[in-house]
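Below is one structure, written out as structure tokens, with a few remarks after it.
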Amino acid sequence: MDVTISLTVNGIERAITADPERPLLDVLREELHLTGTKYGCGEGRCGACSVLMDGKRVLSCVTPVAQADKKTITTIEGLATGDSLHPVQEAFLAEGAMQCGYCTPGMILTAVALLEKNPDPTDEEIAAEMNVNLCRCNGYPKILNAVRRAAEKIQR
Ligand code: FES
Ligand code: FES
């Protein structure tokens, strides 16, 4: 039976009527048309669908939308402030840390969550936190550089 779920997505309050087990990813993409959040594996193994829920990274393909009730969700579309990119977005651009870009929204949101709880991570901590995020283009060295660059900027 469908239920109504109230959530705030990128600063906008929303009420969604849906099957409570429906993946949050489906709701974001198909109901709210926030297609920056990507479908990769659909089973929690690639990180392409990463979003922030109350500031913590979740894999939206394996998160039932009911879990988002009364929560705050941030997708890649909600990360910039007006025309100002988030420091992690700026760092990915500056380092050219994307090729096809399919993994990039998930990478960026995972890095944002990481730097929020650990503003000065070691390379090992970055790799450990981001190891669920896969990049088919094998862009890992530049992605690592981008996260380091963002960390330096955030600390300044
Ligand atoms: S699509 Fe969610 S982890 Fe792969
Ligand atoms: S840039 Fe293509 S999958 Fe990562």
Practice task
Could you tell me which numbered condition Leu52 fails, if it satisfies all but one of (1) under 27 Å from Cys137 (Cα atoms); (2) among the hydrophobic types (A, V, I, L, M, F, W, C); (3) surrounded by fewer than 20 Cβ atoms within 10 Å (Cβ to Cβ)?
Solution key: (3)
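Report whether or not Arg22 is more than 14 Å from Ile73 (Cα to Cα), over 17 Å from the mean Cα position of the chain (by Cα) and surrounded by fewer than 20 Cβ atoms within 10 Å (Cβ to Cβ).
Values: more than 14 Å from Ile73 (Cα to Cα): yes; over 17 Å from the mean Cα position of the chain (by Cα): yes; surrounded by fewer than 20 Cβ atoms within 10 Å (Cβ to Cβ): yes.
In short, yes.
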Fill in the blank from the handout: Scanning segment 91-105 for residues that are crowded, with 23+ Cβ neighbours inside 10 Å and either more than 11 Å from Ala146 (Cα to Cα) or acidic (Asp, Glu) (or both), the one nearest to the chain's Cα centre (by Cα) turns out to be Pro105
Fill in the blank from the handout: Given the conditions (1) within 20 Å of Tyr140 (Cα to Cα); (2) of a type outside the set (Lys, Arg); (3) touching a His at 6+ places or on another chain (Cβ under 8 Å), every one holds for Cys103 apart from (3)
Handout entry: Residues that are within 23 Å of Arg45 (Cα to Cα), in contact with a helix residue (DSSP H, G or I) (Cβ under 7 Å, 6 or more places away or on another chain) and in a loop (DSSP other than H, G, I, E, B), drawn from segment 86-117
Key = Ala97, Met98
Practice task
Count, please, the residues in segment 133-147 that happen to be surrounded by fewer than 16 Cβ atoms within 10 Å (Cβ to Cβ) and under 24 Å from Asp54 (Cα atoms).
Solution key: 0
Problem - Condition met for Glu77 (away from ligand 2 (no atom under 16 Å from the Cβ), part of a loop (DSSP other than H, G, I, E, B) and within 17 Å of the chain's Cα centre (by Cα)) - result: no
Practice task
Can you tell me which residue within segment 106-122, out of those that are touching a residue at least 60 places away in the same chain (Cβ under 8 Å) and within 13 Å of Ala146 (Cα to Cα), is surrounded by the fewest Cβ atoms within 10 Å (Cβ to Cβ)?
Solution key: Val112
Practice task
Kindly list the number of the only condition in (1) crowded, with 21+ Cβ neighbours inside 10 Å; (2) without any contact (Cβ under 8 Å) to a residue 12 or more places away in the chain that fails for Ala80.
Solution key: (1)
Practice task
Answer yes or no: is there a residue in segment 40-52 that is within 11 Å of ligand 1 (Cβ to nearest atom), within 26 Å of Asn118 (Cα to Cα) and touching an Asp or Glu at 6+ places or on another chain (Cβ under 9 Å).
Solution key: no
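Would you say Thr74 is crowded, with 17+ Cβ neighbours inside 10 Å, without any contact (Cβ under 8 Å) to a residue 60 or more places away in the chain and of a type in the set (S, T, N, Q)?
No, not satisfied.
The numbers here are math on the coordinates, done by the rules we state, and not lab data. Every value quoted in this text rests on a predicted model; they were computed, and no experiment measured them. Here the Cβ is made from the backbone with ideal geometry for all residues, glycine too, and neighbour counts use every protein chain on show.
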